[in-house]
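Engineer: Before we start, here is the structure in question, set down as C-alpha coordinates.
The values are calculated or read from the model by the stated rules, or taken from the named source; none is laboratory data. No experiment lies behind these values; they were computed from the predicted model shown. Positions of Cβ are generated from backbone atoms using ideal geometry, with glycine treated the same way; all protein chains shown enter the neighbour counts. Only protein heavy atoms, including side chains, enter the accessible area calculation; ligands, DNA and RNA are left aside. Shrake-Rupley method; radii C 1.70, N 1.55, O 1.52, S 1.80 Å.
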Amino acid sequence: QVQLVESGGGLVQAGGSLRLSCAASGFSFSTYTMNWYRQTPGKARELVASIGSGGSSTNYADSVKGRFTISRDNAKKMVYLQMNSLKPEDTAVYYCNTDYHNYWGQGTQVTVSS
(Lines give C-alpha, C1' and ligand atoms only; values in the text may rest on other atoms or scores of the structure.)
Protein backbone atom coordinates (compact mmCIF):
# COMPACT_ATOMS: atom_id res chain seq x y z
CA GLN A 1 0.00 0.00 0.00
CA VAL A 2 1.00 3.61 0.43
CA GLN A 3 4.56 4.07 1.58
CA LEU A 4 6.39 7.30 2.29
CA VAL A 5 10.01 6.95 3.28
CA GLU A 6 11.89 10.05 4.33
CA SER A 7 15.65 10.23 4.55
CA GLY A 8 18.52 12.68 4.60
CA GLY A 9 18.12 14.21 8.01
CA GLY A 10 20.92 14.61 10.46
CA LEU A 11 22.80 16.93 12.75
CA VAL A 12 24.03 20.17 11.26
CA GLN A 13 25.36 23.44 12.60
CA ALA A 14 23.40 26.64 12.20
CA GLY A 15 23.98 28.04 8.75
CA GLY A 16 24.52 24.63 7.24
CA SER A 17 22.53 22.70 4.67
CA LEU A 18 20.73 19.39 4.32
CA ARG A 19 18.87 17.74 1.47
CA LEU A 20 15.90 15.59 2.44
CA SER A 21 14.47 12.91 0.20
CA CYS A 22 11.09 11.21 0.17
CA ALA A 23 10.47 7.98 -1.71
CA ALA A 24 6.80 7.40 -2.45
CA SER A 25 5.01 4.27 -3.58
CA GLY A 26 1.58 2.67 -3.57
CA PHE A 27 -0.33 5.48 -5.24
CA SER A 28 -0.40 7.51 -8.43
CA PHE A 29 2.36 9.82 -7.34
CA SER A 30 2.43 12.06 -10.39
CA THR A 31 -1.20 13.15 -9.93
CA TYR A 32 -0.81 14.43 -6.37
CA THR A 33 0.45 17.57 -4.78
CA MET A 34 3.27 16.67 -2.40
CA ASN A 35 4.18 18.42 0.80
CA TRP A 36 6.86 18.56 3.42
CA TYR A 37 5.74 18.94 7.03
CA ARG A 38 7.65 19.20 10.24
CA GLN A 39 6.77 18.55 13.84
CA THR A 40 8.38 18.93 17.23
CA PRO A 41 7.04 17.52 20.51
CA GLY A 42 4.24 19.63 21.90
CA LYS A 43 3.72 21.56 18.69
CA ALA A 44 1.22 21.21 15.89
CA ARG A 45 2.40 19.83 12.61
CA GLU A 46 3.55 22.62 10.31
CA LEU A 47 3.31 22.67 6.55
CA VAL A 48 6.74 23.68 5.32
CA ALA A 49 6.54 23.43 1.54
CA SER A 50 4.24 22.19 -1.22
CA ILE A 51 4.71 21.32 -4.85
CA GLY A 52 2.01 20.70 -7.43
CA SER A 53 1.67 17.44 -9.28
CA GLY A 54 3.57 18.67 -12.31
CA GLY A 55 6.12 20.63 -10.34
CA SER A 56 4.95 23.93 -11.79
CA SER A 57 3.62 25.37 -8.55
CA THR A 58 5.43 25.64 -5.23
CA ASN A 59 4.61 27.27 -1.93
CA TYR A 60 6.51 27.75 1.29
CA ALA A 61 5.88 28.68 4.87
CA ASP A 62 7.04 32.22 5.57
CA SER A 63 9.56 30.88 8.04
CA VAL A 64 11.49 29.02 5.33
CA LYS A 65 11.03 31.19 2.25
CA GLY A 66 14.30 31.93 0.58
CA ARG A 67 16.05 29.13 2.44
CA PHE A 68 14.25 25.93 1.45
CA THR A 69 13.47 24.58 -2.01
CA ILE A 70 11.04 21.77 -2.76
CA SER A 71 11.35 19.73 -5.93
CA ARG A 72 10.07 16.46 -7.34
CA ASP A 73 10.95 13.81 -9.87
CA ASN A 74 7.79 12.07 -10.97
CA ALA A 75 9.66 9.42 -12.93
CA LYS A 76 11.46 8.40 -9.76
CA LYS A 77 8.48 9.06 -7.47
CA MET A 78 10.68 11.24 -5.30
CA VAL A 79 10.25 14.54 -3.51
CA TYR A 80 13.15 16.57 -2.20
CA LEU A 81 13.64 19.42 0.20
CA GLN A 82 16.85 21.38 -0.06
CA MET A 83 17.38 23.23 3.20
CA ASN A 84 19.97 25.99 3.35
CA SER A 85 20.92 28.51 6.01
CA LEU A 86 19.50 26.24 8.66
CA LYS A 87 18.51 27.66 12.02
CA PRO A 88 18.05 25.95 15.37
CA GLU A 89 14.32 26.58 15.09
CA ASP A 90 14.28 24.32 12.02
CA THR A 91 14.94 21.38 14.34
CA ALA A 92 12.08 18.93 13.90
CA VAL A 93 11.05 15.62 12.44
CA TYR A 94 10.31 16.18 8.77
CA TYR A 95 7.64 14.24 6.91
CA CYS A 96 6.46 14.12 3.33
CA ASN A 97 2.86 13.49 2.36
CA THR A 98 0.04 14.23 -0.02
CA ASP A 99 -2.83 16.47 1.00
CA TYR A 100 -4.74 13.46 2.28
CA HIS A 101 -2.66 12.30 5.26
CA ASN A 102 -4.07 8.79 5.28
CA TYR A 103 -0.60 7.40 5.91
CA TRP A 104 2.57 8.80 7.40
CA GLY A 105 6.13 7.66 7.08
CA GLN A 106 8.61 7.51 9.91
CA GLY A 107 9.94 10.97 9.17
CA THR A 108 13.55 12.06 9.28
CA GLN A 109 15.08 13.96 12.16
CA VAL A 110 16.74 17.28 11.49
CA THR A 111 18.71 18.78 14.35
CA VAL A 112 20.34 22.18 13.98
CA SER A 113 22.83 23.15 16.63
CA SER A 114 23.81 26.67 17.57
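Engineer: Being within 28 Å of SER113 (Cα to Cα), assigned to a loop (DSSP other than H, G, I, E, B) and either open to solvent by less than 50 Å² (accessible area, probe 1.4 Å) or in contact with a helix residue (DSSP H, G or I) (Cβ under 6 Å, 6 or more places away or on another chain) (or both) is the filter here, so list the residues in the stretch 55-74 that pass it.
Structural biologist: Matches in the stretch 55-74: ALA61, VAL64, ARG67.
Engineer: Related question: Of all residues in the stretch 14-29, which are outside any loop (DSSP other than H, G, I, E, B) and surrounded by 13 or more Cβ atoms within 10 Å (Cβ to Cβ)? Break it down stepwise before answering.
Structural biologist: If we filter the stretch 14-29 for residues that are outside any loop (DSSP other than H, G, I, E, B), which is where we start, we get 18-25, 29.
Once the filter is applied, which keeps residues that are outside any loop (DSSP other than H, G, I, E, B) and surrounded by 13 or more Cβ atoms within 10 Å (Cβ to Cβ), the stretch 14-29 yields LEU18, ARG19, LEU20, SER21, CYS22, ALA23, ALA24, PHE29.
Engineer: Could you check the stretch 39-96 and list, in sequence order, the residues that are out of contact with any Leu (no Cβ under 8 Å at 6 or more places or on another chain) and among the aromatic types (Phe, Trp, Tyr)?
Structural biologist: Matches in the stretch 39-96: TYR60 only.
Engineer: Tell me which residues, restricted to the stretch 90-114, are in a strand (DSSP E or B) and surrounded by fewer than 17 Cβ atoms within 10 Å (Cβ to Cβ).
Structural biologist: We begin by selecting, within the stretch 90-114, every residue in a strand (DSSP E or B); these are 92-97, 108-113.
Passing the criteria: GLN109, THR111, SER113.
Engineer: Could you list, ordered by first residue, the pairs with Cβ atoms under 8 Å in which the first is in the stretch 4-31 and among the basic types (Lys, Arg) and the second is open to solvent by 40 Å² or more (accessible area, probe 1.4 Å) and in a strand (DSSP E or B), at least 6 apart or interchain?
Structural biologist: ARG19/GLN82
Engineer: Restricting attention to the stretch 33-52, does a residue exist that is part of a strand (DSSP E or B), closer than 17 Å to VAL12 by Cα and of a type in the set (D, E, K, R)? Break it down stepwise before answering.
Structural biologist: Here is the first cut: in the stretch 33-52, the ones part of a strand (DSSP E or B) are 34-39, 46-51.
Still in the list and also closer than 17 Å to VAL12 by Cα: 38.
Filter once more, keeping what is of a type in the set (D, E, K, R): 38.
The answer is yes; a qualifying residue exists.
Engineer: List, please: which pairs have Cβ atoms under 6 Å, are six or more places apart or on different chains, and start with a residue in the stretch 75-89 that is in a helix (DSSP H, G or I) and end with one that is buried (at least 16 other Cβ atoms within 10 Å of the Cβ)?
Structural biologist: If the second residue must be buried (at least 16 other Cβ atoms within 10 Å of the Cβ), the pairs left are PRO88/VAL112.
Engineer: Restricting to the stretch 86-111, name every residue that is in contact with a Ser or Thr (Cβ under 6 Å, 6 or more places away or on another chain), closer than 19 Å to ARG72 by Cβ and not aromatic (Phe, Trp, Tyr).
Structural biologist: Correct list: ASP99, THR108.
Engineer: Which of (1) touching a residue at least 60 places away in the same chain (Cβ under 8 Å); (2) open to solvent by 60 Å² or more (accessible area, probe 1.4 Å); (3) among the aliphatic types (A, V, I, L, M) is the odd one out, the single condition LEU47 does not satisfy?
Structural biologist: So the condition that LEU47 fails would be (1).
Engineer: Take the residues in the stretch 1-13 that are in a loop (DSSP other than H, G, I, E, B) and surrounded by fewer than 16 Cβ atoms within 10 Å (Cβ to Cβ); name whichever of them is farthest from the chain's Cα centre (by Cα).
Structural biologist: Looking at residues that are in a loop (DSSP other than H, G, I, E, B) and surrounded by fewer than 16 Cβ atoms within 10 Å (Cβ to Cβ), I get GLN1.
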